[in-house]
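The values are calculated or read from the model by the stated rules, or taken from the named source; none is laboratory data. This one's a predicted model, so the numbers in the text were calculated from it and none came from an experiment. Note that each Cβ is placed from the backbone with ideal geometry, even for glycine, and that neighbours are counted across all protein chains shown. Calculation scope for accessible area: heavy atoms of the full protein, side chains included, ligands and nucleic acids excluded. Shrake-Rupley method; radii C 1.70, N 1.55, O 1.52, S 1.80 Å.
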Amino acid sequence: MASNTPDSERLKTWSFDAFVVGISVAGNGRTFGVALGDGTVRIVDAEAPEPAPITVHNGACLSFAPDATPDAFLSGGDDGKLVRINANGELTTLAETKGKWVEQVTAHAGANVRVYAIGKDAYVLDVKGKKEPRKISHPTTVGGLAINAKGKRLAASHYNGVSLWWLATQDSKPQELDWKGSHLAVTWSPDGDYLITEMQENALHGWRMSDGQHMRMSGYGAKVRSMSFSRRGVVLATGGADTVICWPFSGGGPMGKAPLEFGSGPMNVSDGSPVTAVSCNPKRDVIAAGFANGALVLGNPGVRSVAISGARKAPVTAMAWNAAGDRLLVGDEAGEVVLVDFRE
Amino acid sequence: MSDTRQVPVTVLTGFLGAGKTTLLNRVLTENHGKKYAVIVNEFGEIGIDNDLVVGADEEVFEMNNGCICCTVRGDLIRILGALMKRRDKFDGILVETTGLADPSPVAQTFFTDDDVRKKTMLDAIVTVVDAKHVEQRLADTETADDQIAFADVILLNKTDLVSKEDLVRVEKRLRGLNPFATICHTQRSDIALDKILDRGAFDLNRVLALDPDFLKDEHHHHHHDHDHVHDEHCGHDHGHDHHADHHNDELTHDEDIKSISVSTDKPLDQAKFEAWINDVLMTYGQQILRTKGILNMAGAKDRYVFQAVHMVSDAGLAGAWPSKDNRRSRLVFIGRDLDKALLERGFLASVA
């Protein structure tokens, strides 16, 4: 199945023939998991043979994340199941709600929790199974979940804002961050000082945690769809424009500053197509980006960027780096998955 | 998997008990060779264990600071997005709305959200109407009017429960609210599914095919403009008079929905027309539910087709005129509290 493309021995391509819903790297830092629209997951590991389909859901995978344990992933499906998949392809069904969709999932190793959302409700599961599952409710459907780096706070985005919950205590009421509109994916800056949401509109919204200061980041031609903080939180790289828009987060946040950009120009890979996936390298100042036309670039604002691939057949939907930052896995709507190997 | 065709979506409206669920069950069980994903508001009502049936919460969202035409169904955007991840598993999507829902946010979702617009296509709004109770519904609530006014196809259901005279009166009433819908008489929602699915009602190229009467002489539509049926309950008290069974005189009440048709035999100036219609929709888009027109533009060989849902419009040339000699331009508005004289004046001012 795997084939080396003629133009580069560093690229390995698979055709999984289903929409790539998510790509994650397990806590061990090296095992990739690919969740697909046909309900299967593929494990891609440097030491493993060809990735075989593992049937996880009767339906589609809707949400995918690294598990709190080091060698596993979490997948939520439209069969109402939350399933743990380990690197050997063994499955454990952690929760099942018939007739519902598990649309959001996240986990944190340090806090020993797994969190998933069904509609307006999110459920916090204790990895050790000592505590009862905790249900937390929101005014409207949860659009995104994110736990901060320290593993203390859970952010759940929804219509008109974000609810912040403490994971250690059983607080009955969350702290609410309000902003009119529908908030989808949510992410914390690495230091936990900022919280950013992708909105239904072509914009991001952010809050500075110290004082609740609002940040409106707009000007996109399309939905943002993907955002990634750089390793030290210096910039937030985002999709939604025909170049990679990078908001500066050093020194008080992006307020009043123009964003930096890269990824178009001489290579002409984007042909006006918006960026649909971004991922910052965990070790170097390099950002990978994929476009709606399937093109892939690597770069950083202010330095010359390079094209990994020109236009391909389908929009890029997901990408992730391994922890060493020398392997990048990319997936698209047509189910093509590309492994880019930067190792010597 | 690299299928890039837009998935057709049929929206099913109608009051509780009109026969929506019966119709849905038929679509899901009948052997018609196609698979439909179904988005329902009451999960329990569908007695079928089908992994393509999805429950929805009807979350109506305002986008872009509450602009009325940007009121959308957030849950629908999410669900449609997720369904697109297994696009190859079905041929079309059906969306059931609750009986109490205003159809505008559902319809607008398909024109406002970029992703939804790219991947799916609103195929038709089908409204199921209970022939026996619809007049009461129209008397009780504005939503019933909205659902009929928005429809591309009206299933006039349970016709076996009413007399012939009642049926004629009811149909006339529906026709008065909505001159462009196809009205089908049914019992127990029994209808050939090709009458409701894959209609292309929002496809400019197919607007004409769907409305065989649309271009006919205006006599066809006269009956609702001059509706002389009288009864003692007509008047301004509707909504309170719960034993009022007859409400034929829709023109006596400003709050009621009515349709206004304007037409001319003279060719129109396209730039003038577009400037005028944009202005009309910007100003009155909230009270105009739907607009459709087939127009003769000066210098254009083909028919110019116009349609709008509230303020969101679409227009273009769509095929040759059926006969060279009959190139009558006609534009129909369905809405509340519309000023016919004003609309007619503006329309005629667009004559080339």
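Within 14 Å of another protein chain (Cβ to nearest Cβ), of a type in the set (Ser, Thr, Tyr) and open to solvent by 10 Å² or more (accessible area, probe 1.4 Å), is that true of A:Ser15?
In short, yes.
What is the residue count in segment B:176-203 for residues that are more than 26 Å from B:Arg330 (Cβ to Cβ) and of a type in the set (A, V, I, L, M, F, W, C)?
Within segment B:176-203, residues that are more than 26 Å from B:Arg330 (Cβ to Cβ) and of a type in the set (A, V, I, L, M, F, W, C) number 4.
So which residues in segment A:97-139 are of a type in the set (Lys, Arg), more than 14 Å from every other protein chain (Cβ to nearest Cβ) and open to solvent by 50 Å² or more (accessible area, probe 1.4 Å)? Write out each step before concluding.
Start the filter on segment A:97-139 by keeping residues that are of a type in the set (Lys, Arg), which leaves A:98, A:100, A:114, A:120, A:128, A:130-131, A:134-135.
Imposing the further condition that a residue be more than 14 Å from every other protein chain (Cβ to nearest Cβ) reduces the set to A:114, A:128, A:130-131, A:134-135.
Those that are of a type in the set (Lys, Arg), more than 14 Å from every other protein chain (Cβ to nearest Cβ) and open to solvent by 50 Å² or more (accessible area, probe 1.4 Å): A:Lys128, A:Lys130, A:Lys131, A:Lys135.
On the given criteria, is B:Asp57 modelled with pLDDT under 70 and outside any helix (DSSP H, G or I)?
Considered against the rule, which asks whether it is modelled with pLDDT under 70 and outside any helix (DSSP H, G or I), B:Asp57 comes out as no.
Is it the case, given these coordinates, that B:Asp166 is away from chain A (no Cβ under 13 Å), out of contact with any Pro (no Cβ under 6 Å at 6 or more places or on another chain) and open to solvent by 10 Å² or more (accessible area, probe 1.4 Å)? Lay out the reasoning, then the answer.
Values: away from chain A (no Cβ under 13 Å): yes; out of contact with any Pro (no Cβ under 6 Å at 6 or more places or on another chain): yes; open to solvent by 10 Å² or more (accessible area, probe 1.4 Å): yes.
Answer is yes for this residue.
Output the residues belonging to segment A:199-240 that are assigned to a strand (DSSP E or B), open to solvent by less than 20 Å² (accessible area, probe 1.4 Å) and within 14 Å of chain B (Cβ to nearest Cβ).
Selection gives A:Met199, A:His205.
If A:Gly181 satisfies all but one of (1) within 14 Å of chain B (Cβ to nearest Cβ); (2) more than 13 Å from A:Val162 (Cα to Cα), what's the number of the condition it fails?
(2)
Given the residues B:Leu76, B:Leu100, which is the only one that is more than 23 Å from B:Asp194 (Cα to Cα) and in a helix (DSSP H, G or I)?
Values: B:Leu100 fails: in a helix (DSSP H, G or I).
Only one candidate qualifies: B:Leu76.
Mind listing whichever residues of segment B:8-50 are within 12 Å of another protein chain (Cβ to nearest Cβ), assigned to a helix (DSSP H, G or I) and modelled with pLDDT of 90 or more?
Passing the criteria: none in range.
For segment B:300-352, which residues satisfy the criterion of being small (Gly, Ala, Ser) and touching a strand residue (DSSP E or B) at 6+ places or on another chain (Cβ under 8 Å)? Step through it out loud before you land on a result.
To start, the set of residues in segment B:300-352 that are small (Gly, Ala, Ser) comprises B:300, B:308, B:313, B:315-316, B:318-320, B:323, B:329, B:335, B:341, B:346, B:349-350, B:352.
Hits for segment B:300-352 are B:Ala300, B:Ala308, B:Ser313, B:Ala315, B:Gly316, B:Ala318, B:Gly319, B:Ala320, B:Ser329, B:Gly335, B:Ser350, B:Ala352.
Can you tell me which residue among B:Arg87, B:Arg173, B:Arg117 is within 14 Å of chain A (Cβ to nearest Cβ), modelled with pLDDT under 95, surrounded by 18 or more Cβ atoms within 10 Å (Cβ to Cβ) and on the phi < 0 side of the Ramachandran plot?
On the way: B:Arg173 fails: within 14 Å of chain A (Cβ to nearest Cβ); B:Arg117 fails: surrounded by 18 or more Cβ atoms within 10 Å (Cβ to Cβ).
On inspection, the qualifying residue turns out to be B:Arg87.
I'd like to know if segment B:298-307 contains one or more residues that are surrounded by 14 or more Cβ atoms within 10 Å (Cβ to Cβ), within 24 Å of B:Thr141 (Cα to Cα) and either among the charged types (D, E, K, R) or assigned by TED's automatic domain parsing to the domain that holds B:Met121 (or both).
No, that holds for no residue.
Just checking, does segment B:297-310 include any residue being of a type in the set (Gly, Ala, Ser), modelled with pLDDT under 90 and within 24 Å of the chain's Cα centre (by Cα)? Working first, answer last.
Going residue by residue through segment B:297-310, those that are of a type in the set (Gly, Ala, Ser) are B:298-300, B:308.
From the residues that got through so far, the ones that are modelled with pLDDT under 90 too are none.
Checked against the condition, which is being of a type in the set (Gly, Ala, Ser), modelled with pLDDT under 90 and within 24 Å of the chain's Cα centre (by Cα), segment B:297-310 yields no hits at all.
Right, B:Val53: without any contact (Cβ under 8 Å) to a residue 40 or more places away in the chain, within 14 Å of another protein chain (Cβ to nearest Cβ), surrounded by fewer than 22 Cβ atoms within 10 Å (Cβ to Cβ) and closer than 25 Å to B:Phe15 by Cβ or not? It would help to see each step written out before you state the result.
Values: without any contact (Cβ under 8 Å) to a residue 40 or more places away in the chain: yes; within 14 Å of another protein chain (Cβ to nearest Cβ): yes; surrounded by fewer than 22 Cβ atoms within 10 Å (Cβ to Cβ): yes; closer than 25 Å to B:Phe15 by Cβ: yes.
Spelling it out, B:Val53 is indeed without any contact (Cβ under 8 Å) to a residue 40 or more places away in the chain, within 14 Å of another protein chain (Cβ to nearest Cβ), surrounded by fewer than 22 Cβ atoms within 10 Å (Cβ to Cβ) and closer than 25 Å to B:Phe15 by Cβ.
All but one of (1) at negative phi; (2) in contact with a helix residue (DSSP H, G or I) (Cβ under 8 Å, 6 or more places away or on another chain) hold for A:Gly99; which doesn't?
The failed condition is (1).
Quick one: in segment A:86-96, of everything that is in a strand (DSSP E or B) and away from every other protein chain (no Cβ under 14 Å), which residue is nearest to A:Ala68 (Cα to Cα)? Steps first, answer last, please.
The initial filter retains those residues of segment A:86-96 that are in a strand (DSSP E or B), namely A:86, A:91-96.
Next, only the ones that are away from every other protein chain (no Cβ under 14 Å) stay: A:86, A:91-95.
Numbers: A:Asn86: 11, A:Leu91: 15, A:Thr92: 14, A:Thr93: 15, A:Leu94: 13, A:Ala95: 16 Å.
So, considering only residues that are in a strand (DSSP E or B) and away from every other protein chain (no Cβ under 14 Å), the one nearest to A:Ala68 (Cα to Cα) is A:Asn86.
For segment A:56-67, does any single residue satisfy the condition of being crowded, with 19+ Cβ neighbours inside 10 Å, part of a strand (DSSP E or B), within 14 Å of another protein chain (Cβ to nearest Cβ) and of a type in the set (Ser, Thr, Tyr)? Break it down stepwise before answering.
If we filter segment A:56-67 for residues that are crowded, with 19+ Cβ neighbours inside 10 Å, which is where we start, we get A:56-57, A:59-67.
Narrowing further to those that are part of a strand (DSSP E or B): A:61-66.
Narrowing further to those that are within 14 Å of another protein chain (Cβ to nearest Cβ): A:61-64.
From the residues that got through so far, the ones that are of a type in the set (Ser, Thr, Tyr) too are A:63.
Yes, some residue in segment A:56-67 is crowded, with 19+ Cβ neighbours inside 10 Å, part of a strand (DSSP E or B), within 14 Å of another protein chain (Cβ to nearest Cβ) and of a type in the set (Ser, Thr, Tyr).
Inspect all residues belonging to segment A:45-52 and state whether any of them is without any contact (Cβ under 8 Å) to a residue 24 or more places away in the chain, within 14 Å of chain B (Cβ to nearest Cβ) and out of contact with any strand residue (DSSP E or B) (no Cβ under 8 Å at 6 or more places or on another chain).
No - not one qualifying residue is present in segment A:45-52.
List the number of the failed condition for B:Thr127; all other conditions in (1) within 14 Å of chain A (Cβ to nearest Cβ); (2) over 17 Å from B:Arg5 (Cα atoms) hold.
Unmet for B:Thr127, out of (1) within 14 Å of chain A (Cβ to nearest Cβ); (2) over 17 Å from B:Arg5 (Cα atoms): (1).
State the number of residues belonging to segment A:187-244 that are in contact with a strand residue (DSSP E or B) (Cβ under 6 Å, 6 or more places away or on another chain) and either of a type outside the set (D, E, K, R) or free of Cβ contacts under 8 Å to residues at least 12 places away in the same chain (or both).
29
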